[in-house]
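Engineer: Provided herewith is a single structure, encoded as structure tokens, for subsequent inquiry.
The values are calculated or read from the model by the stated rules, or taken from the named source; none is laboratory data. Keep in mind that this is a model prediction, so the values were computed, not measured. Neighbour counts run over all protein chains shown; Cβ positions are idealised from the backbone, glycine included. Areas reflect the complete protein model, heavy atoms only, side chains present, ligands, DNA and RNA absent. Shrake-Rupley method; radii C 1.70, N 1.55, O 1.52, S 1.80 Å.
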Amino acid sequence: MTTTLANTELDLAKLDRRQVNRALQEAAKGDFTVTNPGGTHALACGLMHPVSVTIKGHCGYYAAGMNKEASVTIEGNAGTGVAENMMSGVVRVTGDASQSAGATGHGGLLVIEGNTSARCGISMKGIDIVVGGNIGHMCAFMAQAGCLVVCGDAGADLGDSIYEARIYVRGRVASLGADCIEKEMRDEHRAELADLLEQAGMDADPSAFKRYGSARELYNFNIDNLDAY
Amino acid sequence: MADYSDAPRTLPKKPWTFDDHTLSEIRRAAATGIYDIRGGGSKRRLPHFDDLVLLGASISRYALEGYREKCGTDVILGDRFASKPLHLKIPITIAGMSFGSLSANAKEALGRGASAMGTSTTTGDGGMTPEERGQSRHLVYQYLPSRYGMNPDDLRKADAIEIVVGQGAKPGGGGMLLGQKITDRVAGMRTLPVGVDQRSACRHPDWTGPDDMEIKIQELREITNWEKPIYVKVGAARPYYDTALSVKAGADVVVVDGMQGGTAATQDVFIEHVGIPTLAAVREAVRALTDLDMHRKVQLVVSGGIRNGADVAKALAMGADAVAIGTAALVALGDNDPALEAEYQKLGTTAGAYDDWHEGRDPAGISTQDPELAKRLDPVKAGHRLANYLAVMTLELQTLARANGKSHVRNLEPEDLAALTVEAAAMAGVPLAGTSWIPGQ
Ligand SMILES: Cc1cc2nc3c(=O)[nH]c(=O)nc-3n(C[C@H](O)[C@H](O)[C@H](O)COP(=O)(O)O)c2cc1C
């Protein structure tokens with residue numbers, strides 16, 4: 001561990017994952033740089049204090065999983081389930097992210113500057129996710145709350161079985177999933193979107209986006225909806 | 001023409017294939033267009049622990065004196081990788097049942113009863129309630145596909161973590177909690193609109209196979225400092241492979257739930273036609289552990305239709321380390337009590353058959369979110385009843401273990417068993433009574 005006044009370096013070439021994660025989890029505050037991540041899984045997960053962490057390179061699965069309060073930047077790509085079940089704080093991926101980014105997140109902001117794959121925002125429960133590029137299929141599946149903002153295109157079956165989450169897409173949507181429909185963009189939505197784009201540092205015009213959400217027709221079982229089941 | 005009008009007639013005969021119950025279901029389906037949803041486990045006669053007997057002591061086996069010689073019952077769960085394994089006084093645990101399907105009072109009562117006997121209780125789909133955490137000395141936190149109410153603080157408050165891949169009542173199916181039970185509190189804990197029919201996912205959202213699950217287990221350990229035992233719970237579908245893959249993924253404990261296992265609400269067709277009986281599942285799970293040289297190193301918890309100390313003794317003799325009970329615990333709290341017969345009649349059912357737990361109208365105040373009904377269950381008294389019942393099961397278990405010459409219940413072994421039916425002999429892999437024949441061997 002190299003500590004300067006401003007920053008602590010944690011080098012995965014010298015420390016093992018447990019040592020790095022423990023240092024990050026136990027710190028009450030401070031700035032950290034993690035070097036040589038080399039695709040390590042479960043890195044910087046379970047953080048619970050307002051620390052600031054920069055990971056220099058690519059991460060494996062579940063990077064910054066269950067994050068609370070911390071601000072984590074991955075300067076590279078992230079594997080499956082980045083910021084899964086995040087509670088609060090900010091997680092930023094400067095490259096691309098794999099499947100299930102931000103899955104089941106309860107709060108906080110996840111920013112993916114590049115593209116992300118299938119199931120981004122699956123079962124999201126209050127997290128906000130902003131993606132600079134495109135997203136894969138089945139994103140926001142059963143999404144319950146929070147916003148998914150996509151500056152590029154969305155893959156097939158977007159928002160399948162969505163509950164109360166809101167989706168904003170600037171590009172093309174390959175197809176919408178069951179019970180997901182395009183909805184009117186009102187002023188409150190444009191304001192919400194502008195705020196999220198600004199927080200994420202994305203230069204995009206809110207009026208170029210369309211909004212999608214639940215038609216709420218599958219909320220209670222109804223035999224007339226048989227074709228949708 | 002001969003007159004046969006006075007001739008004797010054969011009695012009217014109802015078909016076995018189309019019995020009254022089947023006919024009533026066809027009529028119900030025709031009238032409503034909806035499949036039948038219910039709680040509980042498989043209701044049909046299946047090969048079960050009743051089809052096994054314990055042999056007892058004889059000239060070649062030395063019995064222990066009842067009430068005098070000690071027969072230990074404790075069990076350690078999770079010492080493969082966890083630095084803080086659970087040390088339970090008895091090998092009978094309370095299975096995961098969600099707050100949502102059960103009232104907060106019922107969850108509290110389960111915690112009280114389990115804690116009084118030094119055993120664990122388990123959360124469920126819907127998260128951890130303070131009532132339950134407060135009253136449970138050993139609390140296992142379920143990690144389910146829905147991740148309702150899932151948060152790292154509760155994860156750290158738990159004494160163990162159970163990754164739920166499946167349930168015996170519905171291997172391959174997700175949870176279901178219908179609108180009537182999604183009250184403000186339940187909805188809040190699950191981040192759902194009040195009154196929706198909630199279908200929890202059947203697959204985990206952030207992994208797709210055993211190799212991914214291995215990484216997920218690492219993440220959970222990293223978040224909890226490698227302290228907590230990690231269980232993997234599977235419904236009895238392919239128990240040999242599911243157990244082996246759980247071991248490979250790094251589980252400390254494998255929970256195998258057979259098709260008799262209860263559920264809060266599932267389609268009847270699912271409950272009755274998917275999965276294999278508990279008896280068959282135990283044997284396959286033990287075989288996987290033995291093949292990997294992991295038997296007793298990764299503990300096996302068995303559930304699905306456990307009712308008394310004899311079931312426990314037989315499960316342990318087959319190689320389980322502990323059992324879990326769901327339905328039986330609810331009955332001990334007061335579920336399906338004949339004293340409430342008049343109210344069951346009003347619901348169109350009868351005590352012992354009541355299984356419309358998803359409707360939330362439980363007169364016993366257990367499987368409900370209606371505040372008036374829930375008030376009927378006194379968590380302290382109900383907790384006492386559960387503790388008594390667990391004590392009886394434990395005494396029965398010890399009685400049977402001593403009769404087989406065991407100073408600790410964990411020493412029960414397959415050699416102490418014989419089967420009463422060919423099916424049970426084949427499934428459990430023990431000889432048919434009076435023979436040395438194990439079908440298939
Ligand atoms: C009312 C009720 C709710 C249940 N909820 C859950 C649950 O949330 N998660 C889970 O893994 N299993 C759940 N189960 C299944 C039990 O954990 C357990 O596998 C089963 O009850 C064992 O079989 P038994 O009821 O025959 O003892 C539930 C069972 C019942 C009866």
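Engineer: For B:Ser115, are the conditions met, namely being touching a Phe, Trp or Tyr at 6+ places or on another chain (Cβ under 9 Å) and either surrounded by fewer than 24 Cβ atoms within 10 Å (Cβ to Cβ) or more than 14 Å from every other protein chain (Cβ to nearest Cβ) (or both)?
Structural biologist: no
Engineer: Counting residues that are away from the ligand (no atom under 13 Å from the Cβ) and among the aliphatic types (A, V, I, L, M), which helices (runs of 4 or more DSSP H) fully inside the range B:295-403 reach at least 1?
Structural biologist: Helices (runs of 4 or more DSSP H) meeting the threshold: B:309-318, B:341-346, B:371-374, B:379-403.
Engineer: Something else about it: Considering each residue of the range B:125-143, count those that are at negative phi and within 13 Å of the ligand (Cβ to nearest atom), and give that number.
Structural biologist: 8
Engineer: Residues B:Gly72, B:Gly111, B:Gly78, B:Gly126: which one is at pLDDT below 95 and in contact with a strand residue (DSSP E or B) (Cβ under 6 Å, 6 or more places away or on another chain)?
Structural biologist: So the residue among B:Gly72, B:Gly111, B:Gly78, B:Gly126 that is at pLDDT below 95 and in contact with a strand residue (DSSP E or B) (Cβ under 6 Å, 6 or more places away or on another chain) is B:Gly126.
Engineer: Of everything in the range B:119-144, what is open to solvent by less than 10 Å² (accessible area, probe 1.4 Å) and assigned to a loop (DSSP other than H, G, I, E, B)? Give them in sequence order. Break it down into steps so the answer makes sense when it comes.
Structural biologist: Restricting attention to the range B:119-144, the residues satisfying the condition of being open to solvent by less than 10 Å² (accessible area, probe 1.4 Å) are B:119-124, B:126-127, B:129, B:132, B:136, B:139-141, B:143.
Hits for the range B:119-144 are B:Thr119, B:Thr123, B:Gly124, B:Gly126, B:Gly127, B:Thr129, B:Ser136.
Engineer: Which one of the conditions (1) more than 16 Å from the ligand (Cβ to nearest atom); (2) modelled with pLDDT under 95; (3) open to solvent by less than 20 Å² (accessible area, probe 1.4 Å) does B:Asp51 fail to meet, given that it meets all the rest?
Structural biologist: The one condition B:Asp51 does not meet is (2).
Engineer: I'd like to check something: does the range A:133-146 contain any residue that is more than 14 Å from chain B (Cβ to nearest Cβ), in contact with a helix residue (DSSP H, G or I) (Cβ under 6 Å, 6 or more places away or on another chain) and surrounded by 22 or more Cβ atoms within 10 Å (Cβ to Cβ)? Break it down into steps so the answer makes sense when it comes.
Structural biologist: If we filter the range A:133-146 for residues that are more than 14 Å from chain B (Cβ to nearest Cβ), which is where we start, we get A:133-135.
After this cut, where a residue has to be in contact with a helix residue (DSSP H, G or I) (Cβ under 6 Å, 6 or more places away or on another chain) as well, the list is none.
No: zero hits.
Engineer: Restricting the search to the range B:16-48, which residues are open to solvent by 50 Å² or more (accessible area, probe 1.4 Å) and of a type in the set (Gly, Ala, Ser)?
Structural biologist: Of everything in the range B:16-48, those that are open to solvent by 50 Å² or more (accessible area, probe 1.4 Å) and of a type in the set (Gly, Ala, Ser) turn out to be B:Ser24, B:Ala30, B:Ala31.
Engineer: While we're on this one: Just to be sure I understand the filter: pairs with C-beta atoms under 7 Å, separated by 6 or more residues or on different chains, first member in the range B:26-41 and within 13 Å of chain A (Cβ to nearest Cβ), second member within 13 Å of the ligand (Cβ to nearest atom) and part of a strand (DSSP E or B). Which pairs pass?
Structural biologist: Listed pairs, sorted by first residue: B:Ile37/B:Met176; B:Ile37/B:Thr266.
Engineer: Does the range B:205-225 include one or more residues that are within 10 Å of the ligand (Cβ to nearest atom) and out of contact with any Lys or Arg (no Cβ under 6 Å at 6 or more places or on another chain)?
Structural biologist: No - not one qualifying residue is present in the range B:205-225.
Engineer: From the list A:Val72, A:Val82, A:Val93, A:Val130, which one is among the aliphatic types (A, V, I, L, M), surrounded by 24 or more Cβ atoms within 10 Å (Cβ to Cβ) and facing chain B (nearest Cβ under 10 Å)?
Structural biologist: Numbers: A:Val72 fails: facing chain B (nearest Cβ under 10 Å); A:Val93 fails: facing chain B (nearest Cβ under 10 Å); A:Val130 fails: facing chain B (nearest Cβ under 10 Å).
The match here is A:Val82.
Engineer: Same structure, new question: Return yes or no: is B:Ser146 closer than 26 Å to A:Ile127 by Cα and within 16 Å of the ligand (Cβ to nearest atom)?
Structural biologist: Here the answer is yes, as B:Ser146 does meet what is asked.
Engineer: Failed condition for B:Lys406, given (1) away from the ligand (no atom under 16 Å from the Cβ); (2) buried (at least 23 other Cβ atoms within 10 Å of the Cβ); (3) of a type outside the set (Ser, Thr, Tyr); (4) assigned to a helix (DSSP H, G or I), with all others met?
Structural biologist: (4)
Here is a yes/no grid of residues against (1) in contact (Cβ under 8 Å) with a residue 12 or more places away in the chain; (2) not basic (Lys, Arg):
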{"position": "A:Val173", "(1), (2)": "yes, yes"}
{"position": "A:Asp187", "(1), (2)": "no, yes"}
{"position": "A:Arg190", "(1), (2)": "yes, no"}
{"position": "A:Leu196", "(1), (2)": "yes, yes"}
{"position": "A:Arg211", "(1), (2)": "yes, no"}
{"position": "A:Ala215", "(1), (2)": "yes, yes"}
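Engineer: OK, next. I'm checking my understanding of the structure. Among residues of the range B:260-303 that are polar (S, T, N, Q) and in contact (Cβ under 8 Å) with a residue 60 or more places away in the chain, which one is surrounded by the fewest Cβ atoms within 10 Å (Cβ to Cβ)?
Structural biologist: Selected residue: B:Gln267.
Engineer: Within the range B:175-200, how many residues turn out to be within 13 Å of the ligand (Cβ to nearest atom) and modelled with pLDDT of 85 or more?
Structural biologist: 3
Engineer: If A:Asp157 meets every condition in (1) within 14 Å of another protein chain (Cβ to nearest Cβ); (2) without any contact (Cβ under 8 Å) to a residue 40 or more places away in the chain apart from one, which number is that one?
Structural biologist: (1)
Engineer: Moving to a separate point now. Cβ-Cβ below 7 Å, separation at least six or inter-chain, first residue in the range A:20-45 and under 26 Å from B:Glu214 (Cβ atoms), second aromatic (Phe, Trp, Tyr): which pairs?
Structural biologist: A:Leu24/A:Phe32; A:His41/A:Tyr61; A:His41/A:Tyr62; A:Ala42/A:Tyr61; A:Ala42/A:Tyr62; A:Cys45/A:Tyr62
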